[in-house]
Amino acid sequence: MITGRVLLTVSDGSQMTAYVARPDDLAVHPGIIVLQEAFGVNSHIRKVTDRFAEQGYVAIAPELFHRTAPGFEGSYTDFQAVTPHMRAMTVAGAEADLRATFDWLRAEKFVQAERISSAGFCMGGRISFLANSILPLHAAASFYGGGIGPELAGRAGALQGAMLLVWGLLDKHIGVEQRRIVTDALDAARKPYVNLEFSNADHGFFCDERAAYQAQAARESWALLLEFLRQ
């Protein structure tokens, strides 16, 4: 596996660093955009990016807080530190960041341009849904993505790839009403999706650096995610 960082120029003129991992060979592989939690492209997100590369993906994790805090890595016990950067994000800015990341993948000689997907966690889960509405993605996955319903559910008709939604039913941040708004919108738009709910998991269950980590749900959701992306 080869890892490193690249510097992308976004359409608004800003510069965005992204962490990249890919197989150490000359073959052509599917690509995937890994979208961060509110805590930045930290060790957990880099590890997830590496895991995708181990599975044969060219994976890239853009720093979505690059306008306010380049290189930011927050603590899981200090949410107040991440709040200003989340509030400073705009839909237009996120869309520009996604397009810059997608364009980098599509231009890489090691990437199958028609098999680029996205996977996001927490805040990144919401951004993954957004990505699927503006990019010609093969598929997209959202792990406990807060704010999709009702903020982005209206974009369901624009989704271009199949959608995987992953939730923890112990999650007090994303209730059944929010989840239903998303699935109802996908049903109404007749879009292909899988809705996966873990009864014993809380918000952030996939991250082994968080107190909410649920090992069984994390293992099973990872296996299901990989199979979903292969189909």
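May I ask you to say which residue of A153, A131, A141, A162 is within 23 Å of F102 (Cβ to Cβ), at pLDDT below 95, among the small types (G, A, S) and surrounded by 17 or more Cβ atoms within 10 Å (Cβ to Cβ)? Outline the logic, then answer.
Values: A131 fails: at pLDDT below 95; A141 fails: at pLDDT below 95; A162 fails: at pLDDT below 95.
One residue alone meets the criteria, A153.
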Q | Candidate set: segment 60-102, residues that are surrounded by 17 or more Cβ atoms within 10 Å (Cβ to Cβ) and of a type in the set (S, T, Y); chosen: the one nearest to L135 (Cα to Cα) | A | T101
Q | Condition check for E108: in contact with a Gly (Cβ under 6 Å, 6 or more places away or on another chain), at negative phi and either charged (D, E, K, R) or surrounded by fewer than 19 Cβ atoms within 10 Å (Cβ to Cβ) (or both) | A | no
**Q.** Criterion violated by F205 - all others in (1) without any contact (Cβ under 8 Å) to a residue 60 or more places away in the chain; (2) in a loop (DSSP other than H, G, I, E, B); (3) touching a strand residue (DSSP E or B) at 6+ places or on another chain (Cβ under 9 Å) satisfied
**A.** (1)
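The values are calculated or read from the model by the stated rules, or taken from the named source; none is laboratory data. This one's a predicted model, so the numbers in the text were calculated from it and none came from an experiment. Cβ sites come from the backbone with ideal geometry, for glycine too, and all protein chains shown count toward neighbours.
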